[in-house]
Amino acid sequence: MENKTLIIYNALLTDSSIESSGSLVVKNGKISGVLLGQIKDQESARLAASSLGKLEEPVEFFDAGGLVLMPSFVDMHVHFRYPGQTQKEDLDSGLRAAAAGGFGTVVTMPNTAPVVSSAKLARQIMSEAAEKKLARVFQTVSITKNFGGEDTSEISKLSVEEFPVISEDGREVANSAVMLEGMKAARKNSIIVACHCEDPYLATAARPYRQRALKFMENYGIPAGKVNATVEGVPDSVNFEIDGCLSAANRLLALAEDAATERNIEVAKTAGCHIHVCHCSTAVSMDAVRRAKVLKKAGKTPDGFDCTVEVTPHHIGLAGTDAPYLRALVNPPLRSEEDRTALIAAIKDGTVDVISTDHAPHTQQDKAAGSPGFTGLETSFAVCNTVLVKREGLSLSRLSQLMSENPSKILKLNSGKLAPDFEANLVLVNPDEQWTATPENFYSKGKSTPFEGQKLIGRVHATFFLGQQVYSLKN
């Protein structure tokens with residue numbers, strides 16, 4: 001935003017340390033001033049802003065209407081399916097969904113076609129995304145070449161400035177020796193290794209149970225992509241079989257997550273690497289992370305080792321041991337109520353570092369065939385606000401820390417706070433507005449969400465990227 005000034009006034013400023021009426025002055029894409037106190041008209045806003053120094057003309061004004069202005073959100077885990085799977089998502093639809101969800105930065109996973117296994121391809125994707133000027137994209141590079149599970153040579157060619165995170169997300173590196181090799185290489189370049197913790201052999205053992213359940217669902221016209229669909233005339237025995245198979249799969253997948261989480265943490269300790277545990281969903285795995293953090297704090301882990309962890313809105317918002325959410329296919333699956341409450345407890349005690357969406361758009365045809373994952377960017381704030389703020393009593397400031405400040409710190413970004421010289425990546429929300437999640441209205445091509453038809457509390461009204469408004473809610 002060169003050679004002009006933006007003044008956002010009549011707002012309730014909220015970040016991890018501020019909750020006050022106020023205004024922001026933005027110049028050249030950065031916050032140049034923070035004005036505390038209520039200002040409801042343009043002339044008063046101009047006068048207050050001029051006290052900070054000369055205003056670059058022209059001056060633009062944005063009336064926040066008394067709504068909450070926060071740092072925009074940072075998502076450390078999304079799938080844009082680009083390149084190669086644009087029927088599911090592309091850069092345009094993904095970035096528009098990010099803007100509509102209030103996100104200024106997203107970290108995209110490499111399970112594309114082809115797999116993003118080189119710095120060259122990752123740079124190309126980030127360059128294309130930057131031209132859209134909707135949000136910042138960090139494209140991860142895979143830990144092993146083409147997800148082959150063997151060749152980690154590309155890691156040594158990566159710089160942390162361009163590639164703060166690498167990941168094999170969508171699958172796991174099965175060979176522990178290869179994972180150790182990859183983590184050692186990442187440690188040398190101070191790169192974070194984001195792990196999809198799932199023992200691949202246990203995941204393979206779970207697959208036939210899911211496939212059997214999906215076959216029954218297909219035969220009886222039960223849509224796999226819509227958890228609240230009602231289908232008449234399905235015999236109780238068939239429902240019992242479907243739910244029994246899915247429960248058996250989920251038990252194996254819980255074991256798969258717990259075993260891989262423990263392994264990856266131990267390998268990271270040996271490598272002296274920063275591990276980021278993706279979409280942690282069980283109490284057992286969260287306890288493993290908690291123990292690692294306690295040891296790190298006590299100085300009982302090797303130099304360089306660190307462990308951060310994310311949870312998703314759907315894992316804190318839903319339990320999946322019974323229909324209909326048992327049938328909401330996602331990896332890792334929706335867990336038990338005990339697991340769900342353990343994740344919330346871990347948020348409250350500070351074990352959880354960030355909330356990430358694991359935005360995973362699919363076509364309805366792919367969902368019907370059993371593709372796991374939900375679209376999540378456009379419901380993330382509302383779900384987290386509904387569950388954590390309205391039900392569990394967390395403050396909006398704490399939610400801002402989880403969704404903005406903490407991931408910004410992990411990625412070493414100059415964002416996530418409402419303070420001078422921080423990037424003007426901002427989101428305007430109404431934390432009390434109720435709305436119904438309607439996938440047909442999503443910008444994302446992915447229309448499958450377990451929150452379809454639910455009334456959520458908290459809505460994004462506007463998003464600013466480097467001081468430019470990139471989204472406005474049209475009621």
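The figures follow:
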| quantity | calculated |
| --- | --- |
| Selected residue (criterion: surrounded by the fewest Cβ atoms within 10 Å (Cβ to Cβ)) from residues of segment 325-350 that are in contact with a Leu (Cβ under 9 Å, 6 or more places away or on another chain) and part of a loop (DSSP other than H, G, I, E, B) | ASN331 |
| PHE381 of a type in the set (Phe, Trp, Tyr), under 19 Å from ASP75 (Cα atoms), in the same structural domain as LEU95 (by TED's automatic domain parsing) and not in a loop (DSSP other than H, G, I, E, B) | yes |
| Long-range neighbours under 7 Å by Cβ, at least six apart or interchain, first residue at positive phi within segment 100-126, second part of a strand (DSSP E or B) and among the aliphatic types (A, V, I, L, M) | GLY102/VAL427; GLY102/VAL429; GLY102/VAL460 |
| Output for segment 436-455, where each listed residue is more than 26 Å from ASP90 (Cβ to Cβ) and either in the same structural domain as SER93 (by TED's automatic domain parsing) or touching a residue at least 24 places away in the same chain (Cβ under 8 Å) (or both) | GLY453 |
| Criterion violated by ASP75 - all others in (1) under 19 Å from GLY170 (Cβ atoms); (2) of a type outside the set (S, T, N, Q); (3) surrounded by fewer than 20 Cβ atoms within 10 Å (Cβ to Cβ) satisfied | (3) |
| Residue identified as more than 28 Å from the chain's Cα centre (by Cα) and surrounded by fewer than 21 Cβ atoms within 10 Å (Cβ to Cβ) among GLU19, GLU57 | GLU57 |
| Search result, residues across segment 72-90 that are in a strand (DSSP E or B) and charged (D, E, K, R) | ASP75 |
| Qualifying residue in segment 102-119 (condition: farther than 28 Å from GLN401 by Cβ, assigned to a loop (DSSP other than H, G, I, E, B) and touching a His at 6+ places or on another chain (Cβ under 8 Å)) | yes |
| Some residue of segment 65-87 being modelled with pLDDT of 95 or more, closer than 14 Å to ARG136 by Cα and of a type in the set (Val, Ile, Thr) | yes |
| Subset of segment 416-433 that is touching a helix residue (DSSP H, G or I) at 6+ places or on another chain (Cβ under 7 Å) and part of a strand (DSSP E or B) - its residue that is surrounded by the fewest Cβ atoms within 10 Å (Cβ to Cβ) | PRO431 |
| Every residue from segment 309-324 that is buried (at least 19 other Cβ atoms within 10 Å of the Cβ) and either part of a helix (DSSP H, G or I) or out of contact with any Lys or Arg (no Cβ under 9 Å at 6 or more places or on another chain) (or both) | GLU310, VAL311, THR312, PRO313, HIS314, HIS315, ILE316, GLY317 |
| Any chance ILE166 is in contact with a Pro (Cβ under 9 Å, 6 or more places away or on another chain) and buried (at least 23 other Cβ atoms within 10 Å of the Cβ) | yes |
| Failed criterion for ALA98 (all others in (1) in contact with a His (Cβ under 9 Å, 6 or more places away or on another chain); (2) part of a loop (DSSP other than H, G, I, E, B) hold) | (2) |
| Lone qualifier among GLY170, GLY182, GLY149 - being modelled with pLDDT of 95 or more and part of a loop (DSSP other than H, G, I, E, B) | GLY149 |
| Candidate set from segment 5-46 (those that are of a type in the set (Lys, Arg) and more than 14 Å from GLU60 (Cα to Cα)); member that is modelled with the highest pLDDT | LYS30 |
| Residue check for ASP90: acidic (Asp, Glu), in contact with a Ser or Thr (Cβ under 6 Å, 6 or more places away or on another chain) and modelled with pLDDT of 95 or more | no |
| Test result for LEU13, assigned by TED's automatic domain parsing to the domain that holds THR463, within 18 Å of THR463 (Cβ to Cβ) and in a strand (DSSP E or B) | yes |
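The values are calculated or read from the model by the stated rules, or taken from the named source; none is laboratory data. The model shown is predicted, which means the values in this text are computed figures rather than measured ones. Neighbour counts are summed over all protein chains in view; Cβ atoms, including those assigned to glycine, are modelled from backbone coordinates with ideal geometry.
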